[in-house]
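The values are calculated or read from the model by the stated rules, or taken from the named source; none is laboratory data. Values in this document were obtained by computation on a predicted structure and should not be read as measured data. Note that we place each Cβ from the backbone using ideal geometry, even for glycine, and neighbour counts take in every protein chain shown. To get the accessible areas, we keep the full protein, side chains included, count just its heavy atoms, and leave off ligands, DNA and RNA. Shrake-Rupley method; radii C 1.70, N 1.55, O 1.52, S 1.80 Å.
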Amino acid sequence: MSNICVIGTGYVGLVTGACLAELGNQVICLDIDKARITNLRSNIMPIYETGLKQLVEHNTQAARLSFTTDYKEALAEAEFVFISVGTPPNPNGETDLRFFRAAAESIADEINHPVIIVNKSTVPVGTGDLLTDIIHKKHSAKPLKFSVVSNPEFLREGSAINDCMHPDRVVLGSTNRAAAQRVAELYKNLNCPIMITDLYTAEMIKYASNAFLATRISFINEISNICETLGADVTQVAHGMGLDKRIGTSYLSAGLGWGGSCLPKDVTSLMHMASINGNNPLLLQTVMDINRNQKCRAVSRLREALDSLDKKVIAVLGLSFKPNTDDVRDAPALEIIHMLQQEGALIQAYDPQGMDAASTVLKNVKLCQSTYEAASNADALILVTEWNEFKQIDFKLLRQKMRGNIIFDGRNLWDPDDVQKAGFVYFGVGRGS
Ligand code: NAD
Ligand code: UGA
């Protein structure tokens, strides 16, 4: 059992804290957001993540997990301090380290005993050194014994707890191997490969991994566009490719592009890091361009199907950037809605969990309580996020509700025959012309 403090209670921090408590550690989670901590103390979750509420409740009741806004209290007993604050993008693509620096300063102000600082936030290569400098500077009069370990996080939203408890690998990077080994001890019961590297390499593994996932998706999206013009079916092409063990099936679902709080900002940040250091990241630029084009292409196809988008009512199913999360950060749906609105379309949207978050960023959109309400009198319907509940749609009922007969299945969720049988014109992604 170790004493652990986790800074930041978002998708990564809260899940990490709850999982480390579940593994038997004494965990205190800190956030500067007072309302979030007050709610967490009453077992009200700030995010939608399957199984999280139960895990937090279980560990809070077992007195292994607690919450605070007070750095002094959070750090008092800590042997390990995990940083998991947000690292959003600046307009020029570089990473905004404001929250990270503030967390580092607060740790430096309040820590007075030997500690291992473990960074889980995704930060540009070299940021581990920045963290070390911040702590050193504040303790220059009386040096403090501490180590910095980079421990990039690879969990996905929607399956965060499972990913955290059953990771494919744990990566630990440090200039102090003994410190990295002590962090490795925390993960030893997870039965996964634990890789210890230098600090910069660990930080880079995170960016390279996300960039590779984005590349795979952009690759299959490009193939899907070629399939459309040549009359092939990308879903079967991807399946056929994936049966080759060297290729594998994951991240080959063609759709309306990748989004979310991380892939977009991390690819952009990697490109920025590359550029300012004299590299020319040609592939990454193309991966980004294909991703943007995928959304423009969807809007063009709807425009062609309806002659014009002006004053047309479009039902949008799915607002979160992927199923099983309420996160709408950089969600493809938001960009598509924006483009449709710019051409005069009227939007009626529905999402099973993302409505609250979407309502804070969407303007002039009718937010509906169900698929069928969103479809009422719509000229066309576009599925952007493939939530399970959309699999069960009653297409006959949908046809009765809608004014028009255009269905754009942006995630290839439905069987085209089922949709067509109900009287719709079906468009998929890369499923023939
Ligand atoms: P988030 O925005 O959901 O949560 C961040 C939390 O940090 C917020 O609750 C915020 O109030 C808190 N915070 C900000 N400044 C603070 C400070 N100075 N002290 C204490 N708390 C502070 O962020 P997230 O999605 O959990 O991402 C966190 C980091 O993990 C990012 O670097 C992200 O790139 C990385 N990451 C995210 C995911 C994911 O699926 N979301 C997966 C892997 C890695
Ligand atoms: C991604 C990575 O998968 C995680 O390993 C990483 O930890 C995380 O980013 C992060 O750094 O935050 P996440 O953002 O939760 O996880 O989402 P993914 O499941 O990877 O999906 C990202 C986007 O790609 C979604 O918009 C999804 O719809 C899209 N996608 C995914 C496709 O279009 N096709 C696919 O085959 C897979």
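Take a quick pass over the stretch 3-197 and tell me how many lysine pairs come in under 27 angstrom between Cα atoms, counting only ones 8 or more apart or on separate chains.
So the count works out to 18.
Under a point-charge model restricted to the Cβ atoms of Lys and Arg (+1) and Asp and Glu (-1), what is the dipole moment magnitude of the stretch 3-197 relative to its Cα centre, in debye to the nearest 20?
300 debye
To the nearest 10 Å², what's Ile116's accessible area with a 1.4 Å probe?
My reading of the accessible area for Ile116 is about 10 Å².
Once amide H atoms are built 1.01 Å from N in the peptide plane, which residues 5 or more positions from Leu346, or in another chain, come under 5 Å H to H?
Lys311, Lys312, Val313, Ile314
Report the relative contact order of the chain, percent, no decimals, based on alpha-carbon pairs under 8 angstrom and at least 6 residues apart.
Reported relative contact order: 12 percent.
Using only Cα atoms and rounding to the nearest 10 degrees, what angle (0 to 90) does helix 52-61 make with the longest principal axis of the chain?
Relative to the chain, helix 52-61 is tipped by roughly 30 degrees.
Hey, what did the stretch 213-427 get for relative contact order, percent, Cα under 8 Å, at least 6 apart?
18 percent
Could you tell me the distance between the Cα centroids of the stretch 383-413 and the stretch 260-289, to the nearest Å?
34 Å
Just to compare against my own numbers: the Cα pair-distance distribution for the stretch 350-418, 5 Å bins, whole % per bin, please.
The distribution over the stretch 350-418 is 3, 16, 26, 28, 18, 7, 2, 0, given as percents.
Given Cβ point charges of +1 (Lys, Arg) and -1 (Asp, Glu) and nothing else, what value in debye, to the nearest 20, does the dipole of the chain about its Cα centre take?
Roughly 60 debye, rounded to the nearest 20.
If the only charges are +1 at each Lys and Arg Cβ and -1 at each Asp and Glu Cβ, what is the size of the charge dipole of the stretch 213-427 around the Cα centre, to the nearest 20 debye?
Result for the stretch 213-427 is approximately 140 debye, rounded to the nearest 20.
Tell me the angle of helix 199-230 to the major Cα principal axis of the chain, expressed in degrees between 0 and 90 and rounded to the nearest ten.
Helix 199-230 and the main axis of the chain meet at about 10 degrees.
Helix 282-306 versus the longest principal axis of the chain: what angle, 0 to 90°, nearest 10, using Cα atoms?
Its long axis makes an angle of about 30 degrees.
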